[in-house]
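Input: a single structure, listed below in structure tokens.
Any read-out appearing in this document is the output of simple, stated calculations on the displayed coordinates, not a laboratory observation. All of these numbers come straight from a predicted model, not from anything done at the bench. So basically every Cβ, Gly included, is an ideal-geometry build from the backbone, and we count neighbours across all protein chains shown.
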Amino acid sequence: MYETFDQIADDIAGRLEEAANSRHSPMHTPVVATRDADARVMVLRAYDRATRTLRFHTDARSLKCDVIGEGAPVGVLLYDQAAKIQLRCRGTGRIERDGPIADAAWEASTTFARRCYLGDGPGTEVEQPSSGLPEWVEGRQPTEEEVAPAREHFAVLLVELAVVDWFFLSNDGHRRAVIDMVTRVGRWITP
Ligand SMILES: Cc1cc2nc3c(=O)[nH]c(=O)nc-3n(C[C@H](O)[C@H](O)[C@H](O)COP(=O)(O)O)c2cc1C
């Protein structure tokens, strides 16, 4: 069933779209790796097939934003245990705090989601175990007005995919292909 590189390129795009659109997808929370040899779980928010771009939401004050900045290599690792498919995506990441993509993402998010950006930035040292959120908003949904100041801490991470290493575990023989996402040209490699 996976015989051509076109089929595999379509399989990758379909899985990334599904991963973004369904919070029940096993690929909804991939691991995002940066050039500083660090990696973290993030929620995949969107995949745009036309531009081959993954979108994540993050706090502009987080360490990964410094590491990625306006452009840096980023790896994104996803695994679907039932489908037995691993996707190792590589591309160029960039952080956008302003502009139409970040604005639209902020507009589309709930006040509950926006609340995360109200507190201290991720990685801030604290005396006691703490969410970093101001006390007045702990455990309750804030109003639109109350979360408005959080906008300045919100950013999107956009990862434009260059290459995906696609790995299919099968009793009939594992299959592995590397797909150039721009040209859709692929090559088989041993698993
Ligand atoms: C299930 C899960 C989902 C997460 N989703 C996000 C997310 O969408 N965006 C984000 O910035 N951090 C998310 N995090 C937190 C990150 O893993 C990480 O702790 C945080 O972004 C700080 O990373 P940094 O110090 O490398 O910048 C999530 C963590 C978990 C466990």
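Here are the numbers:
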read-out: Vicinal HN-Hα couplings computed from phi for segment 107-115 (Karplus, 6.51 cos²θ - 1.76 cosθ + 1.60; Hz; Gly/Pro x); value: 4, 7, 8, 6, 5, 5, 5, 5, 3
read-out: For the chain, with +1 on Lys and Arg beta carbons and -1 on Asp and Glu, the positive-most of PRO142, THR51, MET181 along the dipole; value: MET181
read-out: Rounded tilt (10° steps) of 5-21 against the dominant C-alpha axis of the chain; value: 20
read-out: Relative exposure of ILE68, ILE95, judged by other C-beta atoms within 10 Å (fewest first); value: ILE95, ILE68
read-out: Per-residue HN-Hα couplings for segment 177-184 [Karplus 6.51, -1.76, 1.60; θ = phi - 60°; Hz; x = Gly/Pro]; value: 9, 10, 10, 7, 6, 7, 8, 6
read-out: Nonlocal amide H pairs with ALA60, under 5 Å, H built at 1.01 Å; value: PHE154, ALA155
read-out: Highest average packing first - 60-66, 2-8, Cβ atoms within 10 Å; value: 60-66, 2-8
read-out: Phi-based couplings in Hz for segment 46-51 (Karplus 6.51, -1.76, 1.60; Gly and Pro marked x); value: 7, 9, 9, 4, 5, 9
read-out: The chain: relative contact order as a whole-number percent, Cα under 8 Å and 6+ apart; value: 23
read-out: Residue-count net charge about PRO191 - beta-carbon cut-off 9 Å; Lys, Arg +1, Asp, Glu -1; value: +2
read-out: Summed residue charge, Cβ within 15 Å of TYR2's Cβ, Lys/Arg positive, Asp/Glu negative; value: -1
read-out: GNM flexibility winner over the chain from PRO134, PRO26, PRO142 (Cα, springs under 10 Å); value: PRO134
read-out: Unit charges on C-beta of K, R, D, E only; dipole of the chain, Debye; value: 700
read-out: Percent of Cα pairs exceeding the 24 Å cut-off, where the set is the chain; value: 45
